[in-house]
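What follows is a set of notes on a single structure, which appears directly below.
No value in this document is a laboratory result; all are computed from the given coordinates. Predicted, not measured: the structure shown is a model, and the values here were computed from it.
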Amino acid sequence: MSGVLNSDVEKNGSDRVVSYFKERILRGELKVGDRVMPERELAQHLDVGRPLLREVMKSLAMLGFLNVRQGSGTYIAKADIRVLSDFFTFCLSQEQDVLEDVMQARMAIECQAIRLACERANEADLARIGQWLGTLIDTLTDPEAGGRADFMFHQSIVAASHSRALTTLYGAMAELLQRSHVQRRVTTYRNPEIVRVLVDAHREVFLSIVAKDPDQADRRLREHFAIGDELRRRSLIETYRGAPAKQIN
C-alpha cells in the first residue's frame, strides 16, 4: 500500500514540476535563455524531493525544453522540432491505422496553410515550391525520390504560410507523412493515368498560389486529395486482380 502511495506522490510531484515550467512559459514569465532558479530553491518552492526534480528536469532537457550547462545552471531552451517529431512519431506508430489518421490531420493543416500562403508567400517561397514541383516531375519513375519530392512540395506550401503553429504541427508529423508519400508512390508510379493526374494536380495547386487566389487554391488542393485517393484505390484493385493467387497469399 505504501508503494502505491509513494508512486502517487511522485506522480503528483512530477506534474507540479512540469506544470511549473509550462505555466510560466505560457505566461511569459520564463523565456528562452532565462536561467532557472537553483535546484535546492526550486525543490523547496515546488515541495518535491531533489532526486525527483532532477529526474524530471533531465527528461525535459532530453526533450529539448531545458538546457543544462555544467557549472552554470539550467536554462530555458528553444525546443527542437526534430525531437518533438521523433516523440510524436513514436507515440502515433503504436496506434492502428495511424497513416490514415495522419493524412486527415495533414489535409486540415494544408488547406489552411495554402490559404495563408496565397497571402503571405514571397518570391523565395514560390521559387522553393516551384523547385520541388520540378523535382517531382523529374522523379516520376522513382518512388523513393519522387515520394520525398512530393512531401517537400507540400511541406514548402505549409512553410509559405509563415504560420509557426501550422509549420510546427506539420513538422511533428514529417516522418510519418514522408513515409506515406513514398508508400503511395510505390503503388502508383507504374500507372500512366495516375502519373499524368499527379503532375497536373500539383501544377494547378502551384499556379493557384502564384495567382494569390485562396479559394481556388483550397479547391485545387482538396480536388488533388480526392482524385489522388480514388486513383490509388483503383490502382490497388488492379494490382491485386492481376496478381497470381500465390503472390496474394
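Along the range 60-74 the Karplus relation, 6.51 cos²θ - 1.76 cosθ + 1.60 evaluated at θ = phi - 60°, assigns HN-Hα couplings of 5, 5, 5, 7, x, 7, 10, 10, 8, 10, 4, x, 10, x, 10 Hz to successive residues, with x for each Gly and Pro. The distance linking the range 180-197 with the range 39-60 is 52 Å (Cα centroid to Cα centroid, whole angstrom).
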